[in-house]
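*Asks:* A single structure is presented below for examination.
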Amino acid sequence: MPSLSADSRRGVEELAASVQRGERSALAEALNLLDDRRDSARERSAKLVHLLQGNALDLGAHIIGMTGPPGVGKSSLGACLISEWRRRGMTVGVLAVDPSSPLSGGALLGDRLRLHSNSDDRGVFFRSLSSRGHYGGLSAEVWPMCQVMASAFDVVMIETVGVGQREIDISRMCDTTCFVAQPGSGDSIQSLKAGILEVPHILVVNKSDMGAIATRTASELAGALTSEHPDGAWRVPILSTSATQGKGISELADCLKVHFQNLLQNKLLKHRRRGYQAHWIVSRLREEFGSHGVERLGGEAAIAEQIQSETPDLYSQYDALRRQLTGCDTTNKS
Amino acid sequence: MNNETIQRDRPWLMRTYSGHSSARASNELYRTNLSRGQTGLSVAFDLPTQTGYDSDHPLARGEVGKVGVPIDHIGDMETLFDEIPLGEMNTSMTINATAPWLLALYVAVAERQGVDPVSLQGTTQNDVLKEYLSRGTYIFPPSPSVRLTTDLILYTVEHIPKWNPTNICSYHLQEAGATPTQELAYALSSAIAILDAVRDSGQVSADRFHDVVGRISFFVNAGIRFVEETCKMRAFVQLWDELAGERYGVEDPKKRRFRYGVQVNSLGLTESQPENNVQRIVLEMLAVTLSKNARARAIQLPAWNEALGLPRPWDQQWALRMQQVLALETDILEYGDLLDGSPVIEAKVTDMIASARQEMLEIDSRGGMVACIESGYVKRELVESHTRRMLGIESGELPIVGVNCFKESAQSPLTAGDESGILHVDSTVESEQIASLKAFRTNRSEINVADALKALRAAAKHGENIMPPSIACAKAGVTTGEWSEELRQIFGEYRAPTGVDINRAQQGSSEALELTRARVQRTGEELGRPLRLLIGKPGLDGHSNGAEQIAVKGRDAGFEIVYEGIRLTPAQIARAAQEEGVHLIGLSVLSGSHLELVEAIHLELTAIGASHIPIVIGGIIPEDDAKLLVKKGLKAVFTPKDSDMNDIMDRMVDIIRETNGLEPDV
Ligand code: B12
Ligand SMILES: Nc1nc2c(ncn2[C@@H]2O[C@H](COP(=O)(O)OP(=O)(O)O)[C@@H](O)[C@H]2O)c(=O)[nH]1
Ligand SMILES: [Mg+2]
């Protein structure tokens, strides 16, 4: 039975245009669409991302990842950053991924207010996502949703809980990955040393109001870091903040900006983002066809190389590769 | 038996918690109650007064005079106590975040009546800690709140020595689902947090500090398991005596005495067969009167129609009469302690003390009560206990007559009649209050007001006692909203943890839940994404139990739940619903302002292009209003009668299916 979702009221072209104008109801509808796993929605999703991605992938908003263990203050810090960005006249889209990964479905999403409570401010848009059973990873919707947000806002911030595997996921999606550490917890230092922790672009020790213990953690982290980021051309700074006292926030905002400008100046952004796009596509292919399928297409590196050379168009690129494996057209299954 | 030789103890203070509409109307009510034999006053303030907003503030819309009396300024306070001699009265004020302000107004009115504040007697509840956990009328973050609490305590000990400056409350914890152990442990841990703060303030000598300990009183709950509840009272007496002696070195046994007032349990009072509530109330009253050595100093009882809406004067009179019958007709006051020496009681008390101590140690090891409020630990524990209670009702393990057993009933004559058995607050109350507030503002000296506020700000900033400048503000004609706003600017505002993120493992499962879960999942698949439900608490209402339990159950049933706690504006709710792409908005309103709030939310949703999202509501909604709301487009109205939460979940799935054009699946 065809079921017209209550909010699928406009055509995809119109939806895309409205999103680019920053219309909130369109944005909500677009995110709902990308979340929709029905075959009937897939075609519209593909078209929407096609219309929005083009140049946006190569230019567009600054995509920032905030990660770290639960309770370190990512959301609180995010709220401070939002205020700071708003003061600087920038608009912000937020994707907050809920840490609990329930198997039976069901989730509690309650970080909105911590992150943003000014209901009159049209320059901020917040969507929560549950991790929906994806242990150790972000679910497939995040990257396309991030693309939609990036076409409407100056900054897109993604909050995830970082324990082990997960921050690798986020670092394959964001221009700047910011790891927030808890004063006095040796965990992050250990994982950094052991190479479990993907090196972030910025390290933040929050709760600096806790005093000496925070300072000590900052210097321990400094000791554990190799100064150059594996990306090249970037020294990883260690910042101290206190979200509750609003300290160190503008420094953090500055630092994020410097990193982004660094990417732009060194013309790294385009290559990086196309790499993320390739990563998303390879992950989906791997989910469906296993590593074996990815190998049949020449392996991850070859796929990435191919994606790098094409005009960005997420679902078309994905479907093209998928067709090579199945030998049939999948986009018009319904 | 020779009547003349019988020694009767003096009865406890008998109160009725009341106040509504306006200072004038409440004053009349108080005077009638006093003439009917009530021996003290217990003032209920409306929510704007409790949360520090003037009656004309946008957030006060629909709430003025609803669940209590609005007090905007000294003029209102003067009217409230018109012809009631404050020098002779014992007045209990249920006021917390704005307690220093309401006490300041009381002192100022006393002075106008020519009464020396030194002689004033009464109680300010002044326990903000439990506001974060249950009652919801907090304003500032915990640390400045504790400071305001201690300021009031320090001031009264010095200047109003017969005043009970704080009533540490376990009452509200039980109303939020607490077990007896939790009630004991959390109330005593709160007392420790406050007393430590007073001691460490450096503003009292060791001697004076013992007086402070002696002035601390408690406000306790008594539930239907009245034997256990009696034991809880005895445990309180013993634990407090020890604490005062050991932790604070108080030697005078009088100052170590556990003094407490009571309101009996209301959470267990039902909407179905409401006449049964009378039995419940009377039995619960026994718990706090039977044991002479642990007897309450003051009692207030809810009315039979507690779960229907606000009580009328007659309903309150009935509740008062229950107390009078027990105190005057029965022989309860003629004996010494009936339970002393009972090995059964002794064993139970020992047991309760041990488990309370253990939980107090847990709190201590987590940094004390304030830290445990901030981290959400205590709130989660309470939500979990309440969830267990709800599961008990659901499974029938916890029998509630008329709710999950013996449900058949003849038509009740009590709820017949035009009023449907409750008090209806006149809707003109709000505009009249606003008009009188505006008139008051034009008749005061703005210079005096500005000066008084400046002094208030300075004291708040520099850590000086807040009471003297507050009293000056009261006299200068400052309003409740102005006093609060000044402090908001300095201390900031706070949102407490919601506690709904409890462990799933605690939940248990049932066949009904499994069926619902399958439907939620299937419907989600048919609609392409998991079902999302926004649970919204609009307005100033702090009743969070229902919203929390729906959130927990909803998550277990497989919904993605967006819930952000109490006191959201209609705009915040509309916006969240849109941004989060929810399939359904579920509002929860128990404060009586549902009509105004639903209308405001409709307007907000329409303004942002999200009016297609269906809405349901739950809470204390009288039948006529329910019909009206459905007429205005709400998809369903749930009240306490709908005690089967699986059924509620199912109905929400039905509504989502229907609004999305899916065919019925069952
Ligand atoms: C417990 C309680 C409290 C607790 C609240 C604890 C907490 N954190 O929730 C405490 C003691 C703190 C409290 C305080 C007050 N209370 Co009170 N309280 C109650 C009481 C006894 C029970 C409410 C309850 O929690 N029930 C249990 C829950 C699970 O049931 P429920 O919320 O009704 O939810 C069920 C349904 O309604 C429905 N539902 C509810 N919400 C939703 C949402 C959705 C989406 C769905 C689908 C379903 C749904 O499903 C639930 C399951 O069955 C009621 C009377 C009564 N017996 O109902 C008075 C009552 C609600 N309180 C009342 C008042 C006046 C107050 C005060 C304002 C008094 C004052 N002047 O200070 C204060 C202040 C509170 C504040 N900040 O707003 C009045 C309201 C009067 C009115 N509406 O006309 C009542 C009706 C008592 C009375 N008769 O006077 N209260
Ligand atoms: N002392 C202190 N506490 C903070 C700070 N930032 C956040 N918190 C507290 O840490 C807890 C968790 O914060 P939250 O932002 O939800 O952390 P998240 O889980 O990482 O998103 C909350 O109780 C915050 O109030 C800070 O800078 N200092
Ligand atoms: Mg967070």
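*Asks:* Residues of region A:8-39 being in a loop (DSSP other than H, G, I, E, B) and either under 17 Å from B:Glu579 (Cβ atoms) or within 9 Å of chain B (Cβ to nearest Cβ) (or both), which ones?
*Replies:* Answer for region A:8-39, where residues must be in a loop (DSSP other than H, G, I, E, B) and either under 17 Å from B:Glu579 (Cβ atoms) or within 9 Å of chain B (Cβ to nearest Cβ) (or both): A:Arg9, A:Arg21, A:Gly22, A:Glu23, A:Asp36, A:Arg37, A:Arg38.
*Asks:* Restricting attention to helices (runs of 4 or more DSSP H) lying wholly within region B:84-192, give those where 3 or more residues are within 16 Å of ligand 1 (Cβ to nearest atom).
*Replies:* B:99-112, B:171-175
*Asks:* Can I ask one more? Which residue, of B:Ser26, B:Ser18, B:Ser35, B:Ser55, is out of contact with any helix residue (DSSP H, G or I) (no Cβ under 8 Å at 6 or more places or on another chain) and among the small types (Gly, Ala, Ser)?
*Replies:* Only one candidate passes the filter, namely B:Ser35.
*Asks:* Which of (1) over 19 Å from the mean Cα position of the chain (by Cα); (2) free of Cβ contacts under 8 Å to residues at least 60 places away in the same chain does A:Asn206 not meet, given it meets every other one?
*Replies:* (2)
*Asks:* Do you know which of the residues in region A:88-127 that are within 11 Å of ligand 3 (Cβ to nearest atom) and part of a loop (DSSP other than H, G, I, E, B) is modelled with the lowest pLDDT?
*Replies:* Checking each candidate, the answer is A:Pro99.
*Asks:* Here is a list: A:Phe260, A:Phe289. Which entry is more than 18 Å from A:Pro144 (Cα to Cα), aromatic (Phe, Trp, Tyr) and under 24 Å from the mean Cα position of the chain (by Cα)?
*Replies:* Every option except A:Phe260 fails the conditions.
*Asks:* Could I ask something else about it? Test B:Lys641 against the criterion of being among the basic types (Lys, Arg), within 26 Å of the chain's Cα centre (by Cα) and within 20 Å of B:Ile422 (Cα to Cα), and give yes or no.
*Replies:* Spelling it out, B:Lys641 is indeed among the basic types (Lys, Arg), within 26 Å of the chain's Cα centre (by Cα) and within 20 Å of B:Ile422 (Cα to Cα).
*Asks:* What residue, among those in region B:269-287 that are away from ligand 1 (no atom under 13 Å from the Cβ) and within 24 Å of B:Val237 (Cβ to Cβ), is surrounded by the most Cβ atoms within 10 Å (Cβ to Cβ)?
*Replies:* It comes out as B:Ala287.
*Asks:* Residues to consider are B:Ile84, B:Ile6, B:Ile95; find the one that is touching a residue at least 60 places away in the same chain (Cβ under 8 Å) and closer than 30 Å to B:Thr289 by Cα.
*Replies:* Selected residue: B:Ile6, the only one of B:Ile84, B:Ile6, B:Ile95 that is touching a residue at least 60 places away in the same chain (Cβ under 8 Å) and closer than 30 Å to B:Thr289 by Cα.
*Asks:* Criterion first (within 15 Å of ligand 1 (Cβ to nearest atom), more than 14 Å from every other protein chain (Cβ to nearest Cβ), over 21 Å from the mean Cα position of the chain (by Cα) and closer than 30 Å to B:Ser189 by Cβ) does B:Gly392 satisfy it?
*Replies:* Taking the combined requirement at face value, the residue satisfies it.
*Asks:* If you don't mind, another one. Please enumerate the residues belonging to region B:257-276 that are closer than 18 Å to B:Ala178 by Cβ and of a type in the set (S, T, N, Q).
*Replies:* Within region B:257-276, B:Gln263, B:Asn265, B:Ser266 qualify.
*Asks:* If a residue counts only when it is at pLDDT 95 or above and within 26 Å of B:Leu339 (Cα to Cα), which strands (runs of 3 or more DSSP E) contained entirely in region B:208-326 have at least 1 such residues?
*Replies:* Strands (runs of 3 or more DSSP E) meeting the threshold: B:217-222, B:260-264.
*Asks:* Here's a follow-up. Part of a helix (DSSP H, G or I), surrounded by fewer than 24 Cβ atoms within 10 Å (Cβ to Cβ) and hydroxyl-bearing (Ser, Thr, Tyr): does that describe B:Thr79?
*Replies:* So B:Thr79 fits the description; yes.
*Asks:* Taking B:Ser591, is it surrounded by fewer than 24 Cβ atoms within 10 Å (Cβ to Cβ) and hydroxyl-bearing (Ser, Thr, Tyr)?
*Replies:* yes
*Asks:* A:Pro183 passes all but one of (1) assigned to a loop (DSSP other than H, G, I, E, B); (2) under 27 Å from A:Ile281 (Cβ atoms); (3) modelled with pLDDT of 90 or more; which number fails?
*Replies:* The single condition A:Pro183 does not satisfy is (2).
*Asks:* For A:Ser219, only one of the following conditions fails: (1) hydroxyl-bearing (Ser, Thr, Tyr); (2) surrounded by fewer than 16 Cβ atoms within 10 Å (Cβ to Cβ); (3) touching a residue at least 60 places away in the same chain (Cβ under 8 Å). What is its number?
*Replies:* So the condition that A:Ser219 fails would be (3).
*Asks:* Further question: Where in region B:486-597 are there strands (runs of 3 or more DSSP E), lying wholly inside it, with at least 3 residues that are within 13 Å of chain A (Cβ to nearest Cβ)?
*Replies:* Hits in region B:486-597: B:532-536, B:560-563.
*Asks:* Restricting attention to region B:367-383, which residues are at pLDDT 95 or above and assigned to a helix (DSSP H, G or I)?
*Replies:* Within region B:367-383, B:Met369, B:Val370, B:Ala371, B:Cys372, B:Ile373, B:Tyr377, B:Val378, B:Lys379, B:Arg380, B:Glu381, B:Leu382, B:Val383 meet the criteria.
*Asks:* Please verify whether region B:626-644 includes one or more residues that are in a helix (DSSP H, G or I) and either within 14 Å of another protein chain (Cβ to nearest Cβ) or under 29 Å from B:Ala518 (Cβ atoms) (or both).
*Replies:* yes
*Asks:* Regarding B:Ser409, is this residue surrounded by fewer than 17 Cβ atoms within 10 Å (Cβ to Cβ), polar (S, T, N, Q) and in contact (Cβ under 8 Å) with a residue 12 or more places away in the chain?
*Replies:* yes
*Asks:* Right, another one. Of the residues that sit in region A:62-78 and are within 14 Å of chain B (Cβ to nearest Cβ) and either more than 8 Å from ligand 2 (Cβ to nearest atom) or surrounded by fewer than 24 Cβ atoms within 10 Å (Cβ to Cβ) (or both), which one is farthest from the chain's Cα centre (by Cα)?
*Replies:* Result: A:Gly71.
The values are calculated or read from the model by the stated rules, or taken from the named source; none is laboratory data. For clarity, every value in this text was computed on a predicted model and none was experimentally measured. Every residue, glycine as well, gets a Cβ built from its backbone with ideal geometry; the counts of neighbours run over all protein chains shown.
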